[in-house]
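> Sharing a structure, written as structure tokens. Questions coming.
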Amino acid sequence: MIIFDTQVRVRYGETDQMGYVYYGKYAEYFEVGRTELIRSLGIPYRVVETKGIMMPVADLEVHYKKAARYDDLLTIRTIVREIPRSSFMTEYEVYNESGELLVTGLVKLAFVNIARMMPVRAPDFILEAVQLHWKPS
């Protein structure tokens, strides 16, 4: 299992008229968590693409529990519970500064060969990076 935390502060433009984080922004927060997790494995997403692989979102789930507000400092916890095979599954937990769980989610990414625009299995360089950082649950 891999668990990685990163933080973002809610900006004014990410809130709706009621002062709550607009519901669609959580997918962007998940992306921040996922991008930083992949970077922490030693493979910035830019490198993934230079190796001929893209990772489009195949599925997205978001479960809202409590609202975040302008200027809240959020912790985005990104969790990988399975070694990637034909897809890369990431789970998310978003907490406020008080440690309250606000949102949970799940994102499934596909691996696609850019040149052929065809799905492929997880590339070896990603598998090696994940296994290097893997901790038993």
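Here, each number is a calculation from the coordinates, and none is a lab measurement. All figures in this text were calculated on a predicted structure; none of them were measured in a lab. No Cβ is skipped: glycine too gets one built from the backbone with ideal geometry, and neighbour counts run over all protein chains shown.
> Just going by the charge dipole of the chain, with Lys and Arg at +1 and Asp and Glu at -1 on Cβ, which of 60, 114, 130 is farthest out on the positive end?
Looking along the dipole axis, the top candidate is 114.
> What Kirkwood hydrodynamic radius, in Å, does the chain give when the mean of 1/r is taken over all pairs of distinct Cα atoms and then inverted?
Final number for the Kirkwood radius of the chain is 15.7 Å.
> In terms of modelled amide H atoms, which long-range or inter-chain residues lie less than 5 Å from the amide H of residue 22?
Placed amide hydrogens put 15, 16 under 5 Å from residue 22.
> Another one. In whole Hz and in residue order, list the ³J(HN,Hα) couplings for region 90-100 that follow from phi through the Karplus curve 6.51 cos²θ - 1.76 cosθ + 1.60, θ = phi - 60°; x for Gly and Pro.
Here the 3J(HN,Hα) series is 10, 9, 9, 9, 10, 10, 8, 5, 7, x, 6 Hz.
> In deg cm²/dmol and to the nearest 500, what is the mean residue ellipticity at 222 nm of the chain if only DSSP H runs of at least 4 residues count, each as -39500 (n - 2.57), divided by the residue total?
Working: 3 runs with 32 residues, N = 137.
Helices in the chain give a 222 nm mean residue ellipticity of -7000 deg cm²/dmol.
> Could I ask something else about it? Count the lysine pairs in the chain that are 8 or more places apart or on different chains: how many have C-alpha atoms under 25 angstrom apart?
Details: 25/65; 25/66; 25/108; 51/108; 65/108; 66/108; 108/135.
Lysine pairs, 8 or more places apart or on different chains, close enough: 7.
> Between residue 101 and residue 47, what is 0.36 nm times their sequence separation minus the Cα-Cα distance? Round to one decimal in nm.
Details: separation 54, 0.36 × 54 = 19.44 nm, distance 3.26 nm.
That pair, residue 101 and residue 47, stretches by 16.2 nm at full extension.
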